[in-house]
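A.B. asks: Mind having a look at this structure? Questions to follow.
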Amino acid sequence: MRWLFMPRSSMGGHASAKAYLDDQFTYERVQDDGSSRGLKVLASICPGNRVYYAATQVMTNGQGGEIFAIVCLVRWNPRAKDGYIFGYKDMDESMGPCEADCPARILDLLTPTDKEYAREWRTRCRANLEFRARQLADGDRIRLPESMTFSDGNVLQEFVVAKRGRRVLLRDPQRGGLYRISRLMERSWTIVPTIKIHKTLFG
C-alpha cells in the first residue's frame, strides 16, 4: 500500500498515531449473507511514532481466529507546514517487512503460520531481541566482524567498553580515544575472552 497522509482533523479525534491505527485495524463489517468479518488489535506499540507493530486477530461472526502481525511505517510531524501531520504505510508480516523490531509480547500472541516471508520476519525479530538482550559490562573487550573507520581516521575492530551511566562508549585499547557506534546492541559483535593470571605464593 502507498503512503497515506492526513491532517489532525482527519484523525477522528485520536491524539496519536498508535491510537488512530488501533482504531483503523479494529472493525466489524456485516456481509451480504448476514455474517460478519473483521479484525481486532490485541496488542500494539508505536515507539517514537516511527514504526507501528500490532498483533491482530481475524474475527468471524464475533469469534476470534488467526492472529497475525501488522506493521506500519509512520511519519509524525505535528509542525508540518502543510498541516498533514500524520502519515502511514501499512503491510502485514507476510510481505516480509524490513522493520523487524517487534517486541516479544506481540510476537508471542501470533498464531503459527505457513507463510514463508512471515516466518522469516518472525525469525529476524527474535534474533534482534536476542541481540538487544545481551549485556555489556564496564571493561569488557568486544570485537566487531569488520573494522570501522572513524571521523578521526582511526581504523578499529576491537574496543574496551567504557560505561558512563546509561551511555555506552567504546575506548581504543591502544590509544585510549572514546567512540560511539550507533545501534551497537544490534550489531554482531563478540566479547573477547580475557586471560586472568592467578598469583601463587611462589610466583
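A.B. asks: Please compute the Cα-Cα pair-distance distribution of region 91-137 with 10 Å bins starting at 0, giving whole percents from short to long.
C.D. replies: The calculated distribution, bin by bin, is 26, 54, 15, 4, 0.
A.B. asks: Would you work out the relative contact order for the chain, in percent, from Cα pairs under 8 angstrom that are 6 or more residues apart?
C.D. replies: Here the relative contact order equals 13 percent.
A.B. asks: Still on this structure: Based on the alpha-carbon set only, what is the convex hull volume of region 49-104 divided per residue, in Å³?
C.D. replies: Expressed per residue, the convex hull around the Cα atoms of region 49-104 is 118 Å³.
A.B. asks: What number in nm² do you get for region 1-99 if you take the convex hull of its Cα atoms and divide its surface by four?
C.D. replies: That works out to 7.3 nm², a quarter of the Cα hull's surface.
A.B. asks: List the aspartates and glutamates whose alpha-carbon lies under 12 Å from that of K115, not counting same-chain residues fewer than 8 positions away?
C.D. replies: Output for K115: D92, E93.
A.B. asks: Something else about it: Could you work out the relative contact order of region 14-58, using alpha carbon pairs under 8 angstrom and six or more residues apart, expressed as a whole percent?
C.D. replies: Averaging sequence separation for qualifying contacts and normalising by length gives 33 percent for region 14-58.
A.B. asks: If you don't mind, there's one more thing I want to ask. I need the Kirkwood Rh of the chain: take the reciprocal of the average 1/r across all distinct C-alpha pairs and report it in angstrom.
C.D. replies: 20.6
A.B. asks: At q = 0.14, 0.15, 0.19, 0.20 Å⁻¹, what log₁₀ I(q)/I(0) does region 141-191 have when each alpha carbon counts as one equal point scatterer in the Debye sum?
C.D. replies: With one equal scatterer per Cα and no solvent, log10 I(q)/I(0) is -0.31, -0.36, -0.59, -0.65.
A.B. asks: Then there is this: Give me W3, W76 ranked fewest to most by other Cβ atoms within 10 Å of their Cβ, as a rough exposure proxy.
C.D. replies: Listing W3, W76 from fewest to most nearby Cβ atoms yields W3, W76.
A.B. asks: Please give the calculated 222 nm ellipticity per residue for the chain, where each DSSP H segment of at least 4 residues contributes -39500 (n - 2.57) and the sum is spread over every residue; nearest 500 deg cm²/dmol?
C.D. replies: -4500 deg cm²/dmol
A.B. asks: Starting from the amide H of C102, placed 1.01 Å from N in the peptide plane, find each other amide H under 5 Å away whose residue is 5 or more places distant or on another chain.
C.D. replies: Here nothing satisfies the definition.
A.B. asks: Let me ask something else. For region 149-182 and region 4-55, what is the centre-to-centre distance using only Cα atoms, to the nearest Å?
C.D. replies: Going from one Cα centre to the other spans 43 Å.
Each reported figure results from applying straightforward, stated rules to the coordinates on display, with no laboratory input. Remember, predicted model here, so these are calculated numbers, not experimental data. In this analysis, Cβ positions are derived from the backbone assuming ideal geometry, glycine residues included, and neighbour counts consider all displayed protein chains.
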